[in-house]
Amino acid sequence: MNWLDFFQEKQPCPFKFGRDINANIAKDEEELYNKAYEAFDAKEILDAYEYFLRSLINYSDTISNENIILDKNETELKFEMIQGSAKINGLVTKEHLYAEVSIVKSKDASVALKRYILERNYQLTYVNYFSDGQYIKLKLYLDNITLSPQKVFFPLRELALNADFDKEYILSEFTDVILEDSAHIQNLKEDEIQVKYKHLKKWIEELNAKVLTLPSNDNAGMQSFLYLNILFKIDYLLMPRRKMYHKLSKKIQLYFSDEHTTMESKNDELNKYVLKLHEMSYEDFATNFYSSKQTFNQTEKSSYEDVVNFINESLIKVRWYKNNRYAQIIPTIYKYIAFNCLYNYGLNPVVKQLFHTLVEIQNSEFFRDLGCDALYDIGKQEFSKKAIISKIEKIHNENKHKFKALKIQTDELNFNSMNEFSNSFYIMLKTLDFEEISI
């Protein structure tokens with residue numbers, strides 16, 4: 001470790017990673033939510049919606065991200081909400097809520113696109129597609145007589161997430177269609193895209209080299225870890241959008257949902273897809289990236305016990321491979337655990353931040369090339385121990401007001417090697433207590 005680490009505080013990495021909201025909720029989010037409940041009970045509808053929508057605004061460094069904009073008067077409340085590629089326009093009166101997302105111009109929709117939209121209507125619970133003659137829109141209508149914040153949350157979430165998903169899907173599958181209301185989308189800087197493209201190539205080349213080191217027989221399980229890990233890594237660290245995102249997520253979904261295909265065949269499919277990614281030109285790659293605000297997380301909240309069970313099951317596999325002398329796959333499994341959890345589980349803020357910290361350490365070259373502080377020196381095989389512990393302590397300090405029994409045992413971390421550190425980090429994660437402070 002460099003002696004300057006003792007005097008320099010590492011700065012937060014300003015880039016966004018993963019599909020969840022990369023921001024903080026309002027400090028008074030719970031208070032606002034409770035006020036919304038009280039206002040709905042008192043039939044103060046406009047106030048109730050204002051409290052509720054304000055509770056969904058997220059922040060970066062205490063500054064509102066303006067993912068929701070409100071305009072209220074005595075008779076109505078208008079709002080705009082951003083969810084990725086979708087902009088939701090809403091109107092609340094004392095009688096009802098109406099919200100819609102413009103998708104495409106009706107005249108631009110092909111027969112195939114219209115068929116897709118009609119099929120989507122059968123898959124949705126609270127919202128539905130329609131055409132006003134000029135645009136195809138996704139809409140939500142709610143009667144305000146018996147509403148509560150919970151009864152508003154899930155319909156609005158369905159509207160936002162599905163509008164975002166469908167706009168992205170349409171753009172990837174119907175390439176000649178121009179989507180509506182896309183002015184809020186921001187292009188990434190060229191140097192950020194170049195770093196992502198460089199590392200995509202590098203990761204795939206490292207993967208191909210690693211596959212060659214596997215034993216010739218009975219290596220399907222190890223190959224699966226390698227291919228799934230790189231897909232999870234691409235999704236979390238590169239965060240592709242549009243066609244690349246939809247193809248990647250479909251490959252992951254098919255791998256885990258298809259029970260009638262052998263693991264070897266699944267690995268072959270993933271290998272073909274990864275090779276296509278490696279052959280992708282920079283120009284095509286760059287079209288799959290943009291930045292936008294978010295209001296809702298894509299994944300449902302998961303119990304901490306589910307996460308711990310997954311860690312336990314994965315560490316059992318690590319021990320099996322170690323005992324059977326397949327040491328070359330162990331570093332990949334340690335990375336796979338974090339990426340899998342970040343992809344599949346709706347993590348609470350503490351666990352999410354801790355997993356991200358581990359990802360920063362395990363993938364330090366990528367973060368360094370982005371211009372972020374590296375927490376591990378691969379050449380010297382040295383950890384920035386002080387910076388790592390400082391990051392973990394900051395996570396604890398920012399959340400101890402909510403979780404009365406939360407204690408993060410950093411003294412149990414093993415900095416002797418990356419494998420030992422990763423193992424000790426997961427053991428540390430398993431000991432957390434998220435009993436909330438009662439009000």
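The values are calculated or read from the model by the stated rules, or taken from the named source; none is laboratory data. Everything quoted here is computed from the prediction, not taken from an experiment. So basically every Cβ, Gly included, is an ideal-geometry build from the backbone, and we count neighbours across all protein chains shown. Please note that ligands, DNA and RNA were not included when accessible areas were found on the heavy atoms of the full protein model with its side chains. Shrake-Rupley method; radii C 1.70, N 1.55, O 1.52, S 1.80 Å.
Go through the stretch 52-75 and give me each residue that's over 14 Å from residue 156 (Cβ atoms) and in contact with a Lys or Arg (Cβ under 6 Å, 6 or more places away or on another chain).
Once the filter is applied, which keeps residues that are over 14 Å from residue 156 (Cβ atoms) and in contact with a Lys or Arg (Cβ under 6 Å, 6 or more places away or on another chain), the stretch 52-75 yields 65, 71.
Among the residues of the stretch 261-286, write down those that are open to solvent by 80 Å² or more (accessible area, probe 1.4 Å) and either at positive phi or not charged (D, E, K, R) (or both).
263
If we scan the stretch 259-278, do we find a residue that is closer than 21 Å to residue 169 by Cα and of a type outside the set (A, V, I, L, M)?
Yes, the conditions are met somewhere in the stretch 259-278.
Can you tell me which residue among 128, 144 is touching a residue at least 24 places away in the same chain (Cβ under 8 Å) and of a type outside the set (A, V, I, L, M, F, W, C)?
One residue alone meets the criteria, 144.
Keeping to the stretch 139-177, report how many residues are among the acidic types (Asp, Glu) and closer than 12 Å to residue 242 by Cβ.
Total satisfying the criteria: 3.
Output the number of the condition that residue 181 fails; it satisfies all remaining conditions of (1) acidic (Asp, Glu); (2) assigned to a loop (DSSP other than H, G, I, E, B); (3) within 19 Å of the chain's Cα centre (by Cα).
Going through the list (1) acidic (Asp, Glu); (2) assigned to a loop (DSSP other than H, G, I, E, B); (3) within 19 Å of the chain's Cα centre (by Cα), residue 181 breaks only (3).
Residues of the stretch 298-310 being out of contact with any Lys or Arg (no Cβ under 6 Å at 6 or more places or on another chain), open to solvent by less than 60 Å² (accessible area, probe 1.4 Å) and under 15 Å from residue 350 (Cβ atoms), which ones?
Those that are out of contact with any Lys or Arg (no Cβ under 6 Å at 6 or more places or on another chain), open to solvent by less than 60 Å² (accessible area, probe 1.4 Å) and under 15 Å from residue 350 (Cβ atoms): 302, 303, 304, 307.
Would you confirm whether any residue within the stretch 75-94 is in contact with a strand residue (DSSP E or B) (Cβ under 7 Å, 6 or more places away or on another chain), among the basic types (Lys, Arg) and surrounded by 13 or more Cβ atoms within 10 Å (Cβ to Cβ)?
Looking through the stretch 75-94, at least one residue is in contact with a strand residue (DSSP E or B) (Cβ under 7 Å, 6 or more places away or on another chain), among the basic types (Lys, Arg) and surrounded by 13 or more Cβ atoms within 10 Å (Cβ to Cβ).
Please find, among 66, 38, 74, 50, the residue that is more than 22 Å from residue 143 (Cα to Cα) and outside any strand (DSSP E or B).
Only one candidate qualifies: 66.
Grab the helices (runs of 4 or more DSSP H) fully contained in the stretch 360-433, keeping just those with 1 or more residues being over 26 Å from the mean Cα position of the chain (by Cα) and either on the phi < 0 side of the Ramachandran plot or not charged (D, E, K, R) (or both).
Here the list reads 385-399, 418-430.
Just wondering, is there one or more residues in the stretch 327-339 that are under 19 Å from the mean Cα position of the chain (by Cα), part of a helix (DSSP H, G or I) and within 29 Å of residue 27 (Cα to Cα)?
Yes, the conditions are met somewhere in the stretch 327-339.
With respect to residue 244, determine if the residue is in contact (Cβ under 8 Å) with a residue 12 or more places away in the chain, closer than 27 Å to residue 188 by Cα and either open to solvent by less than 20 Å² (accessible area, probe 1.4 Å) or of a type in the set (S, T, N, Q) (or both).
When the stated conditions are applied, residue 244 passes them.
When you look at residue 142, is it within 29 Å of the chain's Cα centre (by Cα), of a type outside the set (Ser, Thr, Tyr), more than 21 Å from residue 184 (Cα to Cα) and surrounded by 15 or more Cβ atoms within 10 Å (Cβ to Cβ), yes or no?
So residue 142 passes the test.
If I filter the stretch 345-395 down to residues being of a type in the set (Ser, Thr, Tyr) and surrounded by fewer than 20 Cβ atoms within 10 Å (Cβ to Cβ), which single residue comes out as nearest to residue 431 (Cα to Cα)?
The extreme case among them is 357.
So that you can scan it fast, the table gives a plain yes or no per residue for (1) closer than 26 Å to residue 294 by Cβ; (2) surrounded by fewer than 17 Cβ atoms within 10 Å (Cβ to Cβ); (3) touching a residue at least 60 places away in the same chain (Cβ under 8 Å):
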{"position": "189", "(1), (2), (3)": "yes, yes, no"}
{"position": "193", "(1), (2), (3)": "yes, no, yes"}
{"position": "196", "(1), (2), (3)": "yes, no, yes"}
{"position": "200", "(1), (2), (3)": "yes, no, yes"}
{"position": "204", "(1), (2), (3)": "no, no, yes"}
{"position": "207", "(1), (2), (3)": "no, no, yes"}
{"position": "212", "(1), (2), (3)": "no, yes, no"}
{"position": "215", "(1), (2), (3)": "no, yes, yes"}
{"position": "218", "(1), (2), (3)": "no, yes, no"}
